[in-house]
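The values are calculated or read from the model by the stated rules, or taken from the named source; none is laboratory data. All of these numbers come straight from a predicted model, not from anything done at the bench. Ideal geometry is used to build each Cβ from the backbone, glycine not excepted, and the neighbour counts take in all protein chains shown.
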Amino acid sequence: MSMQSQDIIKRSATNSITPPPQARDDKFEVAKLIDVSTCIGCGYCIAGCPFNIPRLNPKDNRVYKCTLCVDRVSVGQEPACVKTCPTGAIHFGTKQDMLEVADERVQKLKKRGFANAGVYNPDGVGGTHVMYVLQHADNPELYHGLPKDPQIDTPIDLWKGVLKPLSAIGFIATFAGLIFHYVGIGPNKETDDEEEEETHHE
């Protein structure tokens, strides 16, 4: 089954991991952007995205993804895909607005006999910003391999959750220990070569 164009509601894609800070631009809430000029090609954003959205260009070893036409959105215009969609299938707006539009479409599909119609907005990744209205929401793999129950990888989840604050506490504790050591014991003192020789002769 192919994805029906009339059942797509589009908003920005996002991921949970943190690429190098200089490569990410969060100034626009609409989309997670990748600053290609500072991308180091580490691939963390690719590994962390359960939807396999970012793509690594093998020619220049940099990651690219849809910018959601942030240049247009920042001045109040719709993304180009929304503006040019000939059937009006793609919508753009706040997540709440899009959920309302999606729910309306689900009800229409159910009236047409699609009992399993629903919104693809999986909880395992905290919801998505690109939502799909599926005729068979119970089997999203039918639609270009959408994962049925995507999850954030455990190491990434641990790092973003528990380990990140613990690492900050560890850094502060280490720094405090160094200060107490310096104040209590003082710095190591170097001995002169002559003193060392006298010690060896005795």
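Exactly one residue among Ala89, Ala117 is farther than 27 Å from Thr67 by Cα, surrounded by 13 or more Cβ atoms within 10 Å (Cβ to Cβ) and touching a residue at least 12 places away in the same chain (Cβ under 8 Å), and that residue is Ala117.
Among the residues making up segment 26-62, those that are within 25 Å of Ser74 (Cβ to Cβ), surrounded by 15 or more Cβ atoms within 10 Å (Cβ to Cβ) and either of a type in the set (Val, Ile, Thr) or at pLDDT below 50 (or both) are Phe28, Val30, Ile34, Ile53.
Scanning segment 148-169 for residues that are more than 14 Å from the chain's Cα centre (by Cα) and under 13 Å from Pro50 (Cα atoms) gives Lys148, Asp149, Thr154. Counted as qualifying within segment 38-129 are the strands (runs of 3 or more DSSP E) with 1 or more residues that are more than 20 Å from the chain's Cα centre (by Cα), namely 118-120.
The helices (runs of 4 or more DSSP H) found wholly in segment 139-202 and carrying at least 2 residues that are exposed (fewer than 10 other Cβ atoms within 10 Å of the Cβ) and modelled with pLDDT of 80 or more occupy 164-184. Can you tell me which residue in segment 121-147 is nearest to His91 (Cα to Cα), limited to those that are polar (S, T, N, Q) and without any contact (Cβ under 8 Å) to a residue 60 or more places away in the chain? This residue is Asn121. Here segment 44-64 is the region considered, the condition is being touching a residue at least 60 places away in the same chain (Cβ under 8 Å) and not aromatic (Phe, Trp, Tyr), and the residue that is nearest to Thr128 (Cα to Cα) is Pro50.
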